[in-house]
Amino acid sequence: MKEHRTDGSGAVEQPGAKRSKRFEALDNRPVNEDGFAKEWPEVGLVAMDGPNDPEPSVRVEDGTVVEMDGREREEFDFIDHFIADYAIDSERAEEALAADTVEFARKLVDVRTPREEIVELATAMTPAKLAAVVSELNTLEMMMALQKMRTRKTPGNQAHVTNVKDHPVLIAADAAEAALRGFDEIETTVGVTRYAPFNALAQTVGAQAARGGMLTQCAVEEATELELGMKGFTGYAETVSVYGTESVFKDGDDTPWSKAFLASGYASRGLKMRFTSGSGSEVNMGQAEGKSMLYLETRCVLVTKGCGVQGLQNGGISCIAIPTAVPSGVRGVLAENLITTMVDLEVASGNDQTFSHSHKRQMARTVPQLLAGTDLIFSGYSSVPNYDDMFAGSNFDSYDYDDYNVIQRDLKVDGGLRPVDEADAIRVRNTAAKALQTVFRDLGFPRITDEEIEAATYADGSDDMPDRNQAEDLDAASELMESEITGADIATILEENGFEEMAENLLGILKERVSGDYLQTSAILDEEFNVISAVNDPNDYQGPGTGYRLGGERWEEIKDIRQAFDPEEI
C-alpha cells in the first residue's frame, strides 16, 4: 500500500489531489489549531509510564534510606537525597513498597477505605511507587480518588486579577468583583516589574470592598514577593518553583534546601505558602533525563512535602501545552493533582493557563477537577478578559462566568463561584476604585481621577481605561516599596475616610498574619475570618451520604442564576 505523508493536521500531502470536503471542514476546526506530538520517551515527551522510568524499590538501614527506585545512596542526586531524608516515612517505607500496587490503587477508589489509611502508606512511598499506583487508574477512577483524597472537605477556587496596562484602579475594581463572585484567593502579577507594589496594594485594597477574608498575592520575583508580604500588602505566595531533575533545579541557582529555607522565611512572617511545579517543565528545558513527566512531577511533589510546605500548585501550569500535546496528557495532569493529595498536601489544581483553541477541549481539561472538587479548582481562573491576563491567559476567563455558573447549577456541583447581580458588581467596583483613590491621595501618590473611577466601575478590560502617566506611577511605586508604609497604615487611611468596613476587613487579614492559623494545610478564610482548613474541615468522604454535600444556602445561591425566570410571575 502506498504511504501518504501528512502535514501534521491529517491532510494528505498530494499536490492537486481532490480533497474530501468533510476533512477540509475538519481541518478548519479550532482543535486543529492546537499542537499535538507523538511520544518521544528519550527526551521525556511521554506523559506517564515512560519506558525509562525506574522500577519502585527501597531499602532502609538503621532508619536511613540507602536505596530508592533502583539507585544506591552513593548514586543519589540531590533530589533523591532530599526525598529520602525528609519526604518519606522511612519507618514504613519498606512496608509501603511491598504493598501490592493494584490493590493499593483499588483502595484509592474504594469508598470504604478512609482517606487516613491511604495517607499513612502513601507518605512512605517513593516517587516511582506513587506514579505506578496512580497509573493503574483510569480517568474516572482518578476523579473518584481525588474526591476522597483532597485535604479540605469544602472545595474552593482562585482567580487572576491583572491587566496589560498594570492599571491600579482597574485592578482594584476587578479584585472587588472577583471577591464578590466567591473566589477564596486572588493573585496579580505585572507587565512592568516595578509596578509590583502598586498592583499588590490595589488588589488588596479592592478585595476588601466585597467581603472579608480575601487572601491575595502578587506573583513576582521571590525576594520582592516576600517583602510585599512582610509589608502586609499580600497574604500568601505560591510561585516558588521546584523541578524534577537536578539539572533544571540548578538552572535557577536553587536546591531543595534553599527552597526549604525560603519557605520558612514566608511561614515565619505569617504568609501562607504553596510551591509551584507542573508536568512538562523539564521537557521544556531539555533536561528531562528521558523520564516521564509524571515520574518527574512526583519528585516535585515529594520535594514540596519534604520542605514542610502546606501545598502545591500543579497540573501542568505554565507548561500545560506540553503534557496536553501527547497521549494521556490530560490524564497525567489529573494524576499529578491526585498524588499531591495522597501525600496530604493542599492542591491548587491548575486550569490556570490556556492551552487549546477548542472550547470543548478546554472544558474536558477542567471537568475532572471541577467534578471531583479540589482545594482550589483553578490556580487562576481569569477574572478578566484573557487579553488582560498577564499570566498568559487562563483556561476560563471573565467571559465564561455565566457558563461556569450554569454548569455548577446543571450538575449540582460546587465550583467555588456564585452568580452575582450586575448592580452589586457595579457597586463594589465603584467602592473599590474610590477607596484606592483615597489611599493614593493620602499617601501623596499620582492622582486618581474621577474619570478613572467611572471607567473602572463599568469597564470590561483595560481597553476601556484611560492611560496613566507610567513614569510617575513607577517612581511612586518605588517610593512605596522603600518606605515604612504597611498594611496597617492603609487600614488606618480607609477607616479615617469613611471606608470603615473595608478597614475592618483589611485589619482582619493582618490579624490572621499574627495568629498564623491560616498556615494550617489547605487554609482559606470565610467572610467572618473563620479559618477553614484540613484541620477543622477535614475531608471525610467515604461514599454516598458522606463528605462534602452541596445543599442548604450554598445550593440556593448556586441555583439563583440571573438568567432564570420565576414561573410564578408569568
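Observations on the model:
- Criterion violated by Glu222 - all others in (1) within 27 Å of Phe499 (Cβ to Cβ); (2) of a type outside the set (Val, Ile, Thr); (3) touching a Leu at 6+ places or on another chain (Cβ under 9 Å) satisfied: (1)
- Failed criterion for Asp100 (all others in (1) in contact with a helix residue (DSSP H, G or I) (Cβ under 7 Å, 6 or more places away or on another chain); (2) within 24 Å of Leu140 (Cβ to Cβ) hold): (1)
- Helices (runs of 4 or more DSSP H) within region 211-296 that include 1 or more residues not assigned by TED's automatic domain parsing to the domain that holds Gly316: 222-230
- Test: residue in region 92-101 that is within 25 Å of Glu289 (Cα to Cα), buried (at least 22 other Cβ atoms within 10 Å of the Cβ) and without any contact (Cβ under 8 Å) to a residue 24 or more places away in the chain: no
- For the residues Thr486, Thr449, the requirement of being over 30 Å from Ala364 (Cα atoms), surrounded by fewer than 21 Cβ atoms within 10 Å (Cβ to Cβ), free of Cβ contacts under 8 Å to residues at least 24 places away in the same chain and not aromatic (Phe, Trp, Tyr) singles out Thr449.
- All positions within region 305-332 that are within 22 Å of Gln353 (Cα to Cα) and polar (S, T, N, Q): Gln313, Asn314, Ser318, Thr324, Ser328
- Total residues in region 60-91, condition part of a helix (DSSP H, G or I), in contact (Cβ under 8 Å) with a residue 12 or more places away in the chain and acidic (Asp, Glu): 2
- In summary, Phe529 fulfils each of the numbered conditions (1) of a type in the set (A, V, I, L, M, F, W, C); (2) assigned to a helix (DSSP H, G or I); (3) in contact (Cβ under 8 Å) with a residue 24 or more places away in the chain with the single exception of condition (2).
- Condition met for Glu528 (closer than 21 Å to Leu201 by Cβ, surrounded by fewer than 16 Cβ atoms within 10 Å (Cβ to Cβ), out of contact with any helix residue (DSSP H, G or I) (no Cβ under 7 Å at 6 or more places or on another chain) and acidic (Asp, Glu)): no
The values are calculated or read from the model by the stated rules, or taken from the named source; none is laboratory data. Computed from a predicted structure; not experimentally measured. Methodologically, a virtual Cβ is constructed for each residue, glycine included, from the backbone with ideal geometry; neighbour enumeration extends over all protein chains shown.
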